[in-house]
Amino acid sequence: MSDDETLADLRTGADYQFGAGAGDALFPPGEPITIRRSSGGRPRQVIVGDVDDTPGSPEGDRIVSYGTDGRFTLGVTGGRRLRAAFTAPAHRIVVGEESEPFVREGRNAFAKFVAAADDGIRPGDEVLVVDEADRLFGVGRAELSGAELLAFDSGVGVKVRSGVLDTS
């Protein structure tokens, strides 16, 4: 399967997982995108730009990884693209400023610090961890539903995979 055909399939999968328009937001047509594949030819990672696969070369910016279960896990670049494509509160968990330094370092976000959450979030969903001004702190996997994130006073709310060190 060609990279163009694979990207078309990945766009369809992103629209299914994140909502209409996510595929084009994550993988814009015409942008140079590198697809790293498993030894069996299955897509594993989607990276923006042309990446040299020789040892020691730059890694590039990971948009998503594609799991064997057919679901995407977001990289910081993918999180930024979803944040730009969907208005708040879609796919977002809002935490207070006391959580910012921890989430930016890639530490988990705890339920007691969640100020707002998308009602549509289900446990296992990929989410964006943001502040009230919609600044991205990190991306990860929700451990609780949107309603539970607001109701619970203890426990991990989001297993943060990647923190965002810059303040963009």
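Tabulated values for the structure
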quantity	calculated
Strands (runs of 3 or more DSSP E) lying entirely in segment 51-156 (those with 2 or more residues that are more than 22 Å from Arg11 (Cβ to Cβ))	92-95, 114-117, 126-130, 136-142
Segment 145-161 residues that are of a type in the set (Ser, Thr, Tyr), paired with ones that are not in a loop (DSSP other than H, G, I, E, B) (beta carbon under 9 Å, 6 or more apart)	Ser145/Ala117; Ser154/Phe110; Ser154/Ala111; Ser154/Lys112
Test: residue in segment 84-94 that is of a type in the set (Phe, Trp, Tyr), at pLDDT 95 or above, within 15 Å of the chain's Cα centre (by Cα) and within 20 Å of Gln17 (Cα to Cα)	yes
Single residue of segment 9-42 satisfying the filter (modelled with pLDDT of 95 or more and of a type in the set (A, V, I, L, M, F, W, C)) that is nearest to Arg92 (Cα to Cα)	Phe18
Residue check, Leu165 over 30 Å from Ile33 (Cβ atoms), outside any strand (DSSP E or B) and among the hydrophobic types (A, V, I, L, M, F, W, C)	no
Subset of segment 124-142 (residues that are under 16 Å from the mean Cα position of the chain (by Cα) and without any contact (Cβ under 8 Å) to a residue 24 or more places away in the chain)	Gly124
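The values are calculated or read from the model by the stated rules, or taken from the named source; none is laboratory data. Since the model is a prediction, treat every value here as computed from it, not as a measurement. With ideal geometry, Cβ positions are generated from the backbone for all residues, glycine too; neighbour counts draw on all protein chains shown.
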